[in-house]
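Quick note: the coordinates plus some simple rules give every number you see, no bench work behind them. Here the structure is a predicted model, which is why all the values come from computation and not from measurement. Ideal geometry is used to build each Cβ from the backbone, glycine not excepted, and the neighbour counts take in all protein chains shown.
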Amino acid sequence: MTGQPPVVDLATWQKARDELLLREKAHTREGDAIAAARRRLPMVEFDGTVPVVGADGPVPFLDLFQGRDELVVYKHMWWDGAPHQGQCEGCTHIPWHFDDAAYLNARGVSFAFVTTGAWDEVAAFVSFMGYASPWYSVRGLDDPVGGEMGYLTSYLRDGSRTFLTYSTTGRGTERVNGSLGLLDMTVRGRGEAWEVQPPGWPEGRHAGWFWRSDADGESSWGEDSRPVPQWTRPGAGPVTTLGRQGHGH
């Protein structure tokens, strides 16, 4: 097989591993420093009484805090009228990897998902996927409650006052996705073209190429594909259409 690391004895491996560990520790310390700077960002006050729609009907955004002082929200992209397999495969990563906020709650932080979809459509999708975390429709609302989707956003509450403290998108949302972190530990990595690979490694494909598959488990963005976690859901059989224009990835 081509594209393999050289074979050495354990002592040689340990020496190389220790050298890399120095870089990893430096990376960790820099991450800690960035987190410290993040905590010192200014914040923006907004109206926390604006109504959002969840399983219990319209409620003020303040309810998402569940009485706690801090809240983290993932803003899930939505395609109106699309079947379950037509929803965003990238956003599907987030709730599938993080659907129990027990440790956040223990720290005094609540967690919820919001999306611009109409609640009836959202509720059906959440039920199909088997998600346990609270979901809400923020249809028609502007930032920082609604607005553009695909973000992890943090909020702070002071009594009845609410504040936007932080927001990130793109690769900033990867911290929720444990699969990507584990793939980064493997020899082959994510198998994506942007990664720097040693000579002889398999050629990388487009980012997220393994996020959708057909009924045979083959990577596909074709009309017969769906986000890979959906194939484990009851009733998730072969499909004939994504139900939307284009294939976001």
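Between the residues Ser179, Tyr103, Trp211, the greatest Cα displacement towards the positive end of the dipole of the chain, with unit charges on the Cβ of Lys, Arg, Asp and Glu, is found for Tyr103. The charge dipole of the chain, taken about the Cα centre with unit charges on the Cβ atoms of Lys, Arg (+1) and Asp, Glu (-1), comes to about 620 debye, rounded to the nearest 20. Using the rule -39500 (n - 2.57) for each DSSP H run of four or more residues, divided by the residues of the chain, the 222 nm mean residue ellipticity is -7500 deg cm²/dmol.
Sort segment 100-179 into rounded, prolate or oblate with this rule: let a ≥ b ≥ c be the square roots of the eigenvalues of the Cα gyration tensor; rounded if a/c is under 1.5, and if a/c is not under 1.5, prolate when a/b is larger than b/c, oblate otherwise. Because its axes are fairly even, with a/c under 1.5, segment 100-179 counts as rounded.
The Cα atoms of the chain give a gyration tensor whose axes a ≥ b ≥ c have a/c of 1.5 or more with a/b no greater than b/c, which makes the shape oblate. Largest first, the three principal axis extents of the alpha carbons in segment 44-175 are 40, 28, 25 Å in whole numbers. Comparing Val72, Thr162, Trp135 along the charge dipole axis of segment 44-175, the residue lying farthest to the positive side is Val72, per the Cβ-charge model.
Placing pseudo-labels 7 Å out from each Cα toward the beta carbon at Arg171 and Trp13 gives an inter-label distance of 2.8 nm. Seen through its C-alpha gyration tensor, with square-root eigenvalues sorted a ≥ b ≥ c, segment 9-91 comes out oblate because a/c lies at 1.5 or above while a/b is not bigger than b/c.
Rounded to the nearest 20, the Cβ-based charge dipole of segment 44-175 about its Cα centre (Lys and Arg +1, Asp and Glu -1) stands at 280 debye. Ranking Ala33, Pro198, Val126 by Cα position along the charge dipole of the chain, where only Lys, Arg, Asp and Glu carry charges on their C-beta atoms, puts Ala33 farthest toward the positive end.
When +1 charges are put on Lys and Arg Cβ atoms and -1 charges on Asp and Glu Cβ atoms, the dipole computed for segment 100-177 relative to its Cα centre reaches about 280 debye.
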